[in-house]
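One structure below.
The values are calculated or read from the model by the stated rules, or taken from the named source; none is laboratory data. These numbers come from a predicted model, not from an experiment. A quick note on method: Cβ atoms are made from the backbone with ideal geometry, for glycine too, and the neighbour counts reach across all protein chains shown. Side chains are part of the model used for accessible areas, which takes the heavy atoms of the whole protein and leaves out ligands, DNA and RNA. Shrake-Rupley method; radii C 1.70, N 1.55, O 1.52, S 1.80 Å.
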Amino acid sequence: MSIRLGDTAPDFQAETSQGPIQFHQWLNNSWAILFSHPADFTPVCTTELGTVARLKPEFDKRGVKVIALSVDPVASHLEWIKDINETQNTTVNYPIIADPVFEVSKLYGFVHPNASDKFTVRSVAIIGPDKKIKLLITYPASTGRNFNEILRVIDSLQLTANYSVATPANWEHGDDVVVIPAIKTEDIPAKFPKGFKEIKPYLRITPQPNI
Ligand code: BEZ
């Protein structure tokens, strides 16, 4: 049974490249991403972990903790981190969970046996400060993830958690947003003083309210 959106992120104890953690304690009411990758010492994963290390200031700016996972042991992670730092010109600055018996991977549905029963797939979970799962995406082993897209979704989630808006297709921070259907059109001016445009009664556009 794997997790779904709105579920509480399962708690677990694990060894990581930065020492043991109890996951809920580590989360500590913060936003977080947990991302799995197939295996240490593999080319696409090496670029992914380097990319996330370079993007860490962007996650920090948004108050998002970062943690990776693969089914290799800590000793392997520590050796591989040296390669990542060397080849990707970065410093891996977040923990990597060691999950050699698939305990965490199974809790989160990161093993897809018909794709591979030996490795985790390339999944990302975004977890909110309420410890609920806000997003799950799974990529094939052959396709490295776009972590700018993960940051874009975090921007959307953090905005829509605080305002009665949703973000349209391909939205980026700073673009106009849509007012959610639960808000009556006559109530929009009081809630959205920057103005709005009614394209259809169900499609009302307003400038991003928090900038
Ligand atoms: C990789 O990370 O490069 C990779 C891992 C498993 C299968 C294919 C590629």
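Values computed for the structure shown
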{"read-out": "Average Cα contact separation per residue, the chain, under 8 Å, 6 or more apart, as relative contact order %", "value": "22 percent"}
{"read-out": "Karplus (6.51, -1.76, 1.60) ³J(HN,Hα), θ = phi - 60°, over region 41-56, in Hz, Gly and Pro reported as x", "value": "6, 10, x, 5, 4, 4, 5, 5, 5, x, 4, 5, 4, 5, 7, 3"}
{"read-out": "Helix axis angle, 147-160 relative to the chain longest principal axis, alpha carbon, degrees", "value": "40 degrees"}
{"read-out": "More than 22 angstrom apart: percent of Cα pairs within the chain", "value": "53 percent"}
{"read-out": "Area projected by the alpha carbon convex hull of region 1-90, averaged over all directions, nm²", "value": "6.5 nm²"}
{"read-out": "Only Lys, Arg (+1) and Asp, Glu (-1) charged, at Cβ; region 75-211 dipole about Cα centre in debye", "value": "400 debye"}
{"read-out": "Unit charges at the beta carbon, dipole of the chain: most positive-side option, P43, P201, V104", "value": "P201"}
{"read-out": "Candidates P20, P189, P95: whichever shows maximal mean-square fluctuation once the chain is modelled as a Gaussian network with Cα springs under 10 Å", "value": "P189"}
{"read-out": "Share of carbon and sulfur in the accessible heavy-atom surface of the chain [1.4 Å probe, %]", "value": "53 percent"}
{"read-out": "Cut-off under 5 Å, modelled amide H: who pairs with K65 long-range", "value": "W31, A32, I33"}
{"read-out": "Solvent exposure ordering (accessible area, 1.4 Å, most first) of D72, D83", "value": "D83, D72"}
{"read-out": "Residue-normalised accessible area of the chain, expressed per residue, 1.4 Å probe, Å²", "value": "50 Å²"}
{"read-out": "Distance between modelled label sites at N210 and A75, nm, 7 Å Cα→Cβ extension", "value": "4.5 nm"}
{"read-out": "For region 155-211 and region 1-75, distance of Cα centres in Å", "value": "32 Å"}
{"read-out": "Nearest-20 debye value, region 13-145 charge dipole, Cβ charges on Lys, Arg, Asp, Glu", "value": "560 debye"}
{"read-out": "In region 100-161, the trypsin sites (Lys or Arg not before Pro) that fall in loop regions by DSSP, at most 10 other Cβ within 10 Å", "value": "K118"}
{"read-out": "Electrostatic dipole magnitude of region 163-206 [Cβ: Lys, Arg +1; Asp, Glu -1; Cα centre; debye, to 20]", "value": "140 debye"}
{"read-out": "CD proxy at 222 nm, helix term only [per DSSP H run n ≥ 4: -39500 (n - 2.57); per residue of the chain; nearest 500]", "value": "-9000 deg cm²/dmol"}
{"read-out": "Convex hull (Cα only) mean projected area of region 125-209, reported in nm² to one decimal", "value": "6.7 nm²"}
{"read-out": "Trypsin sites (Lys or Arg not before Pro) within region 1-103, DSSP loop, no more than 16 other Cβ atoms inside 10 Å", "value": "R4, R62"}
{"read-out": "Residues F41 and E186, FRET efficiency given R0 of 45 Å [Cβ-Cβ distance, rounded to 0.05]", "value": "0.15"}
{"read-out": "Degrees separating the helix 74-88 axis from the principal Cα axis of the chain, which is the longest one", "value": "60 degrees"}
